[in-house]
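Engineer: Pasting in a structure now, in structure tokens, and then I'll have a few things to ask.
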Amino acid sequence: MKKCHRCSKPATLHITEIREGVVQELHLCESCAQDYLENTDSPEPSEDFDPIHEKLSEYEVDEELAELDQNECPNCGITFREFRSQGRLGCPHDYVAFEHELMPLLENIHGEVQHCGKFPKRAPDASQRQYQLIKLRNELRGAVEQENYEEAARLRDEIQTIENELNAEQT
Amino acid sequence: MDLESLTHTSGEWLRGSGPDSDIVISSRIRLARNLAQYPFLSRADDSVRGETSDLLRGTIEDLGLPRRLSYVNVGGLVDLDRQFLVERQLISREHAESRGSRGVCVSDEENVSLMINEEDHLRIQVLRSGFSLDECWDEINRIDDALESRVTYAFSENLGYLTACPTNVGTGIRVSVMLHLPALVLTKEIQKVFQALQKISLAVRGLYGEGSQAMGDFYQISNQITLGKSEEQLIESIRDVVPNIIAYERRVRNALVKENRQSLHDQVSRAYGILQNAQTISSEETMQLLSSVRMGINLELIDDLKMSTVNELFIHTQPAHLQKLRKEDLESAERNVARARYLRQRLGGNGSEMQN
Ligand SMILES: [Zn+2]
Ligand SMILES: [Zn+2]
């Protein structure tokens, strides 16, 4: 099933446009199609045309990946299945947590899997603690939702301590 | 930043100056960056969004960049104002339509914009008039360096800058050039350009409209891959191919003038005449006619109109601009009337309110 080019809902309308001799296929869900047909005079920049869903839909038949769907990032809590449905990752650590699943996708999109370009001048060696912060913030959100205020207070202190350490190193 | 005052001006990048500006409208580079210590925005609740936006805004305002920046709280704007910023290319449509705390820092000349809490925590964008990718890169690289000395970006040695969408990972760079190609469209030669670019994995898109639906004969050429090549290599891949397209468009224009001067002159003059006299006109028709007029100026078939005026009209005749100018909400049919009136005023046609 193709996904809507504008959001990630299943596409129900398939529009083929021919303009200036160029054939273009547009797959839209019902609400986006309505919006598209009504707003022909409101131009929009097309930079955001989203190729990730097309790439992801190629993977939907892969059975091995379907089994990996339940894998979850220990820091932000996103599952690979959620990533596949929304096309957006949950935190920087997902590139490590889902490495096995993401590599073929990256290879498919970019043809390469090794960065070759700018490096931050300040070595990013602090990243372990940065990821720890993401994890603590996720736990904090859960604690607040469950009205576990004692735990929330403890988590806030822990976040504050790590942030202070990081700030001290930066200056 | 006072949005009302912007309705009568336009960004420096529309000036129609700079190298090859008869065909290259603008050059643009954007970088996608995220803060290492926060989740990406799809997993960010209101409090995290508030923290990333406060942190980034504060850091940007403290940088002491040579350009003066103003902050616009995009989350606090009404829909019309957000649409207005999209039309000016200061924010993306996605940024306009998302929810929660978000904003943009914009330079006075509108050459630089830093979108906070877009798809990534930060999207830096530099725009220039004409074919000026090196200038864009110099400036955006300096801004990025300055930021990087104060915040910790999400980065890995293997995968580079880590982004919310895997299509941007690595350099996080999108290099694009907006071209005006009316002669290639008219002769249907544009298809050959599409085919050639697809082979070298560059993307071509229309200026407005989803996908490749191009209005006003504008096409944006940009890199598709971001990982495995350096920023300079990716810029070069665009810089190498654009001069060929420019030369192609010029060649076809000259051939059209040589073989068909009278009918071309007729088409251009009719387009100008309609824009000066119409009583109601859609956005699409306006774009198409302005495109003809723009080519007419370049070919010296029209001599009483400035390129910068035509460039500006492409932006100022769009829905949010018209409504801000009229200071009222307008339905589509009312907009068409307002658009025609505005064009008559600006182009000094019959019934012009500003005619001497
Ligand atoms: Zn949709
Ligand atoms: Zn995660």
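The values are calculated or read from the model by the stated rules, or taken from the named source; none is laboratory data. All values reported here derive from a predicted model rather than from experimental measurement. Cβ: placed from backbone, ideal geometry, glycine included. Neighbour counts: every protein chain shown. Each accessible area value is taken on the protein alone, full model and side chains, heavy atoms only, with ligands, DNA and RNA left out. Shrake-Rupley method; radii C 1.70, N 1.55, O 1.52, S 1.80 Å.
Engineer: Probe radius 1.4 Å, ligands and nucleic acids left out: which of B:Arg99, A:Arg81 has the largest accessible area, and how do the rest follow? Present the calculation step by step, with values, prior to reporting the outcome.
Structural biologist: Working: B:Arg99 190, A:Arg81 135 Å².
Final ranking, largest accessible area leading: B:Arg99, A:Arg81.
Engineer: Let me ask something else. Points 7 angstrom from Cα along the Cβ direction at B:Asp134 and B:Lys192: gap in nanometres?
Structural biologist: In this crude label model, B:Asp134 to B:Lys192 measures out at 3.0 nm.
Engineer: Lysine pairs in chain B 8 or more apart or on different chains: how many have alpha carbons under 23 angstrom apart?
Structural biologist: Qualifying lysine pairs in chain B: 4.
Engineer: At a probe radius of 1.4 Å, what is the per-residue accessible area of A:Arg156, in Å² to the nearest 10?
Structural biologist: My reading of the accessible area for A:Arg156 is about 120 Å².
Engineer: Between A:Cys7 and B:Gln279, what FRET efficiency follows from the Cβ-Cβ distance if R0 is 35 Å, with the result rounded to 0.05?
Structural biologist: My answer for the efficiency is 0.35.
Engineer: Roughly what percent of Cα-Cα pairs across chain B reach past 31 Å?
Structural biologist: Looking at chain B, the distances longer than 31 Å represent 37 percent of pairs.
Engineer: Separate question: Compute the length gained on full extension between B:Asn158 and B:Ala146: take 0.36 nm times their separation in residues and subtract their Cα-Cα distance, giving the result in nm to one decimal.
Structural biologist: Between B:Asn158 and B:Ala146, full extension yields an extra 2.0 nm.
Engineer: Quick one: pull the percent of accessible area on chain B belonging to carbon and sulfur, 1.4 Å probe, ligands and nucleic acids left out.
Structural biologist: Values: 5820 of 13320 Å².
Carbon plus sulfur share of accessible area: 44 percent.
Engineer: Given a 1.4 Å probe and heavy atoms of the protein chains only, how would you sort A:His27, B:His265, largest accessible area at the top?
Structural biologist: Listed by decreasing accessible area, they come as B:His265, A:His27.
Engineer: Here is a further query. Give me the accessible area of A:Glu107, 1.4 Å probe, in Å² rounded to the nearest 10.
Structural biologist: For A:Glu107, solvent-accessible area is about 100 Å².
Engineer: Taking the Cα atoms of region B:298-352, what is the range of coordinates along each of the three principal axes, in descending order and whole Å?
Structural biologist: Extents along the principal axes: 38, 22, 16 Å.
Engineer: Over chain B, what is the mean sequence separation of C-alpha contacts under 8 Å (at least six apart), divided by residue count, expressed as relative contact order in percent?
Structural biologist: 19 percent
Engineer: Okay, next question. Given a Förster distance of 30 Å, report the FRET efficiency between B:Met307 and B:Glu97 from their Cβ-Cβ distance, rounded to the nearest 0.05.
Structural biologist: For R0 = 30 Å, the calculated efficiency reads 0.40.
Engineer: Please check which bits of region B:57-71 a label hung off B:Ser5 would reach, taking the label as a point 7 Å along Cα-to-C-beta and the cut-off as backbone N under 20 Å.
Structural biologist: Counting only backbone N, you get B:61, B:65-71.
Engineer: Now for a separate question. From the phi of every residue in region B:33-49, what ³J(HN,Hα) in whole Hz does the Karplus formula 6.51 cos²θ - 1.76 cosθ + 1.60 yield, where θ is phi - 60° and glycine or proline is x?
Structural biologist: Listing the rounded values in order: 9, 9, 7, 5, 8, 10, x, 5, 5, 5, 10, 9, 8, 4, 6, 5, 4 Hz.
Engineer: Rounded to two decimal places and with Rh computed the Kirkwood way over Cα pairs, what is Rg over Rh for the protein assembly as shown?
Structural biologist: We get a ratio of 0.98 for the protein assembly as shown.
Engineer: OK, next. So how far apart, in nm, are the two label points at B:Glu259 and B:Asn73 if each is 7 Å from Cα heading toward Cβ?
Structural biologist: 6.0 nm
Engineer: Give a residue-ordered list of calculated ³J(HN,Hα) values for region B:311-316 (Karplus: 6.51 cos²θ - 1.76 cosθ + 1.60, θ = phi - 60°; whole Hz; x for Gly, Pro).
Structural biologist: These are the phi-based 3J(HN,Hα) values: 4, 5, 5, 4, 8, 6 Hz.
Engineer: In region A:131-149, which residues become less accessible by 20 Å² or more once every protein chain is in place, relative to the chain on its own, using a 1.4 Å probe?
Structural biologist: Buried on complex formation: A:Tyr131, A:Ile134, A:Arg137, A:Arg141.
Engineer: Starting from the Cα gyration tensor of region A:125-170, take the square roots of the eigenvalues, sort them a ≥ b ≥ c, and report rounded, prolate or oblate (rounded when a/c is under 1.5, otherwise prolate if a/b is larger than b/c, else oblate). Present the calculation step by step, with values, prior to reporting the outcome.
Structural biologist: Values: a/c = 4.52, a/b = 2.03, b/c = 2.22.
Oblate, because a/c is 1.5 or more while a/b does not exceed b/c.
Engineer: Which of rounded, prolate or oblate describes region B:1-96 when judged by the alpha-carbon gyration tensor and an a/c cut-off of 1.5?
Structural biologist: Prolate is the answer for region B:1-96, as a/c is 1.5 or above and a/b outweighs b/c.
Engineer: Continuing with the same structure: Under a 5 Å amide H to amide H cut-off, with H placed in plane at 1.01 Å, what residues pair with B:Gly160 once short-range neighbours are removed?
Structural biologist: A:His115
Engineer: Taking θ as phi - 60°, what are the ³J(HN,Hα) couplings along region B:328-340 by the Karplus curve (6.51, -1.76, 1.60), each to the nearest whole Hz, with x for Gly and Pro?
Structural biologist: The phi angles translate into 7, 6, 10, 6, 3, 5, 5, 4, 4, 5, 5, 5, 4 Hz.
Engineer: Convex hull volume of the Cα atoms in region B:237-297, per residue, in Å³? Write out the running numbers ahead of the final one.
Structural biologist: Details: hull volume 5.3 nm³, N = 61.
Considering the Cα atoms of region B:237-297, their hull volume per residue is 87 Å³.
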